[in-house]
Each structure stands twice: as C-alpha cells, then as structure tokens.
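Asks: Handing you this structure, nothing more for now.
The values are calculated or read from the model by the stated rules, or taken from the named source; none is laboratory data. From a predicted model like this one, the values you see are computed outputs, not experimental measurements. With ideal geometry, Cβ positions are generated from the backbone for all residues, glycine too; neighbour counts draw on all protein chains shown. The accessibility values were calculated without ligands, DNA or RNA, using every heavy atom of the protein model including side chains. Shrake-Rupley method; radii C 1.70, N 1.55, O 1.52, S 1.80 Å.
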Amino acid sequence: MDKFNYLRTSLRDDALLHINPIQVSATNYSLAWSTLESKYENHKLIAQEHMKALFATSAMRAESYEALNALLSTFKINLQQLEKLGQKTSNWSTLLAFMLSQKLDAETYRLWETHHASKTVPTYEAMVEFLENHCSILQSTASRSADDHHRNIRAPIIHSTVTSEESCPICHNGRHNAEQCIRFSRMRIIDRKFLVRRLGLCLNCLNSGHFTADCSQGTCSKCGQYHHDLLHPYSPNQNNPSNMQNFAQDPRRPQRADSQSRREPYT
C-alpha cells in the first residue's frame, strides 16, 4: 500500500490518468506498475531522446569551468542511460570523440589538439580524460581569480609598461617586451593565448621565469581574473595595432623603470 501511494504521488498528467481506475491496494500495485511499463517502457523512444540530447547539446562559447563541466556531464549521463538500454556505446568512440570536439570552444579545442599532437584517431576516453583534467585546472584558477579579485576590489590593478633590456620573445626584433610588440597586437586573442603558453610566458604579466600562479603583478583590470589585459576575451586591442601603442603610453597607467619592477596597486 505504501509503495502504491508513493507511486501515485510521483505521477502526473497522462501517467497518473492511466492508473487512476485501479483501486489502491497491496495486490493491485503490481498491476499498476505493469500498466505503466506497457505504456512507457519503450526503449526505442527512450534511446531516441538520449541521442537527441547528445546532438542538441549547446556548444561552448568561451573557455570556462561551468560550460565544460556541463558539457561533460551531459555526455556522461546520456551515454550511461543508453548503456542501461543495452547500447554498446564503447563501440562509438570515434563518433563520440568527433561530436564532443565540435562542442568545444576554440581555445579548448586548440589545447586538445596540441595535447593529442598525433595523426592517430583519438579515442573518446582519451579526450574525456584530458577535458576532465582541464576542467579541474579551470576550476582551480577560477577560484583563485575570484579570491584575488575580492582582495583587490578596493584598489584596481592597472597593467603598466615594462622596459626590457632583452629582445622581444614574440618577434625577436627590437628591445621591447611582449606587451609592446606590434606583431603580438595584430594577433587574434586566441592566438595570443596559444603563443604565450607555447613560449612558456606568464599569462598574467607576459614575462618568463615564473608560473602564472606565482605572479605577483595583479590581475586583469577588466575582469579581475589572473590574465593580462591583452589576453582578456573582449579586449579592444584585438585587431588594432595602434591601440597597442596607446595601451603602453596611456598616461593613466603607472610606468616602470626597469624589467624587474612589479605592478603595484594603482591608487
């Protein structure tokens, strides 16, 4: 009787109408359950709904922990349900890897291709493993960026210009740093990020010799996250080289005497 009453309170609309004529009793519970199974236990339709969910999953617009975690969860949940229906999803590796790659934002997809770096067909399992690790990194850095933003909210950080005594790591032509490099300013923001990572530069100050997590030169003045203004997703400097010079010469920005100086809170 308890199971029957619980079943009735869990149903609504057409499902509830199908068992309403059945008298509530201990012996009639099995009848009510079999009635619902005959109506709704349609494996074909259920499998179709899970496949639709996979194909209809929205693609990531930008690199973020929330978007990547939601994408991975959608694939996992629907594939698990398909497995319960008897579908051998382990044989779909190539198809699933391609489908998942099409849902990634450009930055995450570039990082995956750099990581894979092989002419062999990638497996779905290998891609998921990489994306789960990347998701953990995004979660950690997002948490730190939020903490830094709260600490610096009363004193916004403005990136200042560095006068470097060494040749530019980007163009290797001239005694300026990446922040002042015209070639760097002409790149798309996504290409800037990729190049900075490839050269081993700090994402926060564009200098070498330390990791981003160890950088003490403040955060992005636009969003408070741990990256340089020139790597901000919506930076106005993306395709205008003249803006790079204005960025370096802005009188509101504190200037530094040498390459060893650090960005301090602009008060």
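Asks: At 7 Å along the Cα-to-beta-carbon direction for both Met51 and Ser216, put a label point, then send me their distance in nm to one decimal.
Replies: 6.0 nm
Asks: Enter the Cα centre distance for the pair segment 170-197 and segment 55-101, rounded to the nearest angstrom.
Replies: Result: 36 Å between the Cα centres.
Asks: Shifting gears a bit: DSSP loop (so not H, G, I, E, B), at most 11 other Cβ within 10 Å: list which trypsin sites (Lys or Arg not before Pro) in segment 12-72 pass both filters.
Replies: Loop-located and lightly packed - Arg12, Arg61.
Asks: How much accessible surface does Lys3 have with a 1.4 Å probe, in Å² rounded to 10?
Replies: Answer for Lys3: close to 130 Å² accessible.
Asks: For Lys52, give me every one of the lysines with a C-alpha distance below 29 angstrom, ignoring sequence neighbours fewer than eight places off in its own chain.
Replies: Partners found: Lys39, Lys44, Lys76, Lys84, Lys88, Lys103.
Asks: On to the next question. Rounded to the nearest 0.05, what FRET efficiency do Trp33 and Glu132 have when you use their Cβ-Cβ distance and R0 = 41 Å?
Replies: 0.60
Asks: Keeping all protein chains in the complex and leaving out DNA, RNA and ligands, what accessible area do you get for Glu83 with a 1.4 Å probe, in Å² to the nearest 10?
Replies: 80 Å²
Asks: For segment 1-139, what is the convex hull (Cα atoms) projected area averaged across all directions, in square nanometres?
Replies: If you wrap the Cα atoms of segment 1-139 in a convex hull and average its projections, you get 10.9 nm².
Asks: I need the phi-derived Karplus couplings for segment 12-27: 6.51 cos²θ - 1.76 cosθ + 1.60, θ = phi - 60°, integer Hz, Gly and Pro marked x.
Replies: Calculated HN-Hα couplings, in order: 8, 6, 4, 4, 5, 4, 5, 10, 4, x, 7, 5, 6, 7, 4, 6 Hz.
Asks: Separate question: If each of Ser64 and Ser140 carries a label point 7 Å out from its Cα toward its Cβ, how far apart are those two points in nm?
Replies: Between Ser64 and Ser140, the label points sit 2.2 nm apart.
Asks: Let me ask another. Just reorder Phe194, Phe130, Phe211, Phe184 by solvent-accessible area, largest first, 1.4 Å probe, all chains present.
Replies: Phe211, Phe194, Phe130, Phe184
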